[in-house]
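Have a look at the structure that comes next, please.
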Amino acid sequence: MRLPAPLALSLFYLTSFAVLGVYLPYFNLYLEGLGFSGLQIGVLTLLLPLSSALMPTFGGMLADRMGRRREVIVASSLLALLAFSLIPAVRTFPATVLVIAAYAALRAPALPLVEATTMEVAEAGGPPYGRMRAWGSLAFIVLALSTGPAVGLVGERAAVYLVILLLALNFLATLLLPE
């Protein structure tokens, strides 16, 4: 099933930034619960923005070489989901570094490639970029605010499982993206 491109892109932004709305404010609490030091948590926190700065170039080169942007986005989202799904099973700092580094590196190419598609849709007469991207900002805010009570009630592991669920929804959203 394919949705109109603007709707599919909006859904991708919604699910992608919903992940960050839980991950950024609450994942560190989970790491603290594992007994990691502040320095260790800082190192783990650094991996996502570091990968976001370094890895998209390789994803873009791969998508350009293959001529299959959508497939790279789908693979990126699926592999990021699979990598992060290992988090509940790891307890040591080195293992967590490996899993988060893999997750961050695998996730990084998807968003810039979607941004390119969104710009093309907007330039071709679709809705303005901001109208499609706004769903991501809204999802981030709603999830960042609403996850706190769940984490307070159930514990910080709830954030991990919510991230996994949202990554799965993000993967499903990539299947609806235009070619």
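Any residue in the stretch 2-30 that's within 20 Å of residue 127 (Cα to Cα): show its pairings with residues that are small (Gly, Ala, Ser) and not in a helix (DSSP H, G or I) at Cβ separation under 6 Å, as long as the two are six or more apart or on different chains.
6/126
OK, next. Restricting to the stretch 1-22, give me the number of residues that are among the β-branched types (Val, Ile, Thr) and closer than 11 Å to residue 173 by Cα.
Qualifying residue count, the stretch 1-22: 1.
Right, next: Within the stretch 1-20, track down each residue that is out of contact with any Gly (no Cβ under 9 Å at 6 or more places or on another chain) and assigned to a helix (DSSP H, G or I).
Residues satisfying the conditions are 7, 8, 11, 19.
Can you tell me which residue is surrounded by the fewest Cβ atoms within 10 Å (Cβ to Cβ) among those in the stretch 148-173 that are at pLDDT 95 or above and among the β-branched types (Val, Ile, Thr)?
If we take residues in the stretch 148-173 being at pLDDT 95 or above and among the β-branched types (Val, Ile, Thr), then 164 is surrounded by the fewest Cβ atoms within 10 Å (Cβ to Cβ).
Right, another one. Write out, first by first residue and then by second, each pair whose Cβ atoms fall under 7 Å of each other, whose residues are 6+ apart or on separate chains, and whose first residue, in the stretch 75-99, is within 17 Å of residue 20 (Cα to Cα) while the second is basic (Lys, Arg) and open to solvent by 30 Å² or more (accessible area, probe 1.4 Å).
Here the result reads 76/107; 80/107, each pair linking the stretch 75-99 to a residue that is basic (Lys, Arg) and open to solvent by 30 Å² or more (accessible area, probe 1.4 Å).
Which numbered condition in (1) aromatic (Phe, Trp, Tyr); (2) open to solvent by 60 Å² or more (accessible area, probe 1.4 Å); (3) under 20 Å from residue 155 (Cβ atoms) is the only one that residue 36 fails?
Failing condition for residue 36: (2).
Given (1) in contact with a helix residue (DSSP H, G or I) (Cβ under 6 Å, 6 or more places away or on another chain); (2) free of Cβ contacts under 8 Å to residues at least 60 places away in the same chain; (3) open to solvent by less than 30 Å² (accessible area, probe 1.4 Å), where does residue 60 come up short, assuming only one miss?
(1)
Given (1) in contact (Cβ under 8 Å) with a residue 60 or more places away in the chain; (2) within 12 Å of the chain's Cα centre (by Cα); (3) over 16 Å from residue 25 (Cβ atoms), identify the lone condition not met by residue 121.
(2)
The values are calculated or read from the model by the stated rules, or taken from the named source; none is laboratory data. Every value quoted in this text rests on a predicted model; they were computed, and no experiment measured them. When we count neighbours, we look across all protein chains shown, and the Cβ atoms used for this are built from the backbone with ideal geometry, even at glycine. Surface accessibility is based on the protein's heavy atoms, side chains included, excluding ligands, DNA and RNA. Shrake-Rupley method; radii C 1.70, N 1.55, O 1.52, S 1.80 Å.
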